[in-house]
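Asks: Supplied in structure tokens, the structure appears directly below.
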């Protein structure tokens, strides 16, 4: 029993050490990542959430649907996820990859080994007070059908979560790529930095390049 306890303590200690190391690595990547555009750091925390921006985009493009790439604060280094739905509707669909429970244990283990995941809303995803960055792109009806189906497919085939290989940033990056958007080169960026760089890389455009049959 004593040996088993020692092994368990060693495993937990190793997990915590690796988690701490990844935090340091993430911080280093954050500081050394080449800026994709000088305007990246100047992106407002919720540029596409301002009422004026939403109204102008809708009136200009007359597009009825949207996907909103978002980043919020969390106990660790933040969380990346998406809102999507119909423009002007109060009903919001949420998709994002995160460990399957709110317990810290799977999160710690997930820095070493893949752990079961969920792809719906997590705590704080609907609270504006936690929002750090937002980049909203509007879609035609035909585009929305394709993009929303892709999101649902990813949710239905949820992969395991791992901080280093397939995390929340990689999940929404796949959606952005499917929409034809340019994406930052690393999924190990802090979620806030990734969303801001996504906006800058695409020139803060309000429409998606995705070509679909009408």
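Asks: Compute the distance from the alpha-carbon center of the range 149-214 to that of the range 108-142, in whole Å.
Replies: The two parts, judged by their Cα centres, are 11 Å apart.
Asks: If the chain between residue 152 and residue 212 were fully stretched, how many nm would it gain, using 0.36 nm times the residue separation less the Cα-Cα distance?
Replies: Stretched out fully, the residue 152 to residue 212 stretch lengthens by 19.8 nm.
Asks: Using 0.36 nm per residue, how much length does the chain from residue 165 to residue 89 gain when fully extended, once their Cα-Cα distance is taken away? Let's see the in-between values first.
Replies: Working: separation 76, 0.36 × 76 = 27.36 nm, distance 3.49 nm.
Additional length available on full extension: 23.9 nm.
Asks: Let me ask another. Suppose R0 equals 22 Å. What FRET efficiency, 1/(1 + (r/R0)^6) with r the Cβ-Cβ distance, do residue 73 and residue 118 give to the nearest 0.05?
Replies: Details: r = 19 Å, r/R0 = 0.87.
Step by step, r from the Cβ atoms, then E = 0.70.
Asks: Each label point is 7 Å from the Cα along the Cα-to-Cβ direction; what then is the distance between the points at residue 62 and residue 186, in nm?
Replies: Calculated label separation equals 4.4 nm.
Asks: Just to be sure I understand the model, the point goes 7 Å from the Cα along the line to the Cβ. What's the resulting residue 205 to residue 103 distance in nm?
Replies: For residue 205 paired with residue 103, the spin-label model returns 4.5 nm.
Readers should treat all values here as calculations from the given coordinates under stated rules, not as data from a laboratory. Please read these numbers as outputs of a predicted model, since none were measured by experiment. Here the Cβ is made from the backbone with ideal geometry for all residues, glycine too, and neighbour counts use every protein chain on show.
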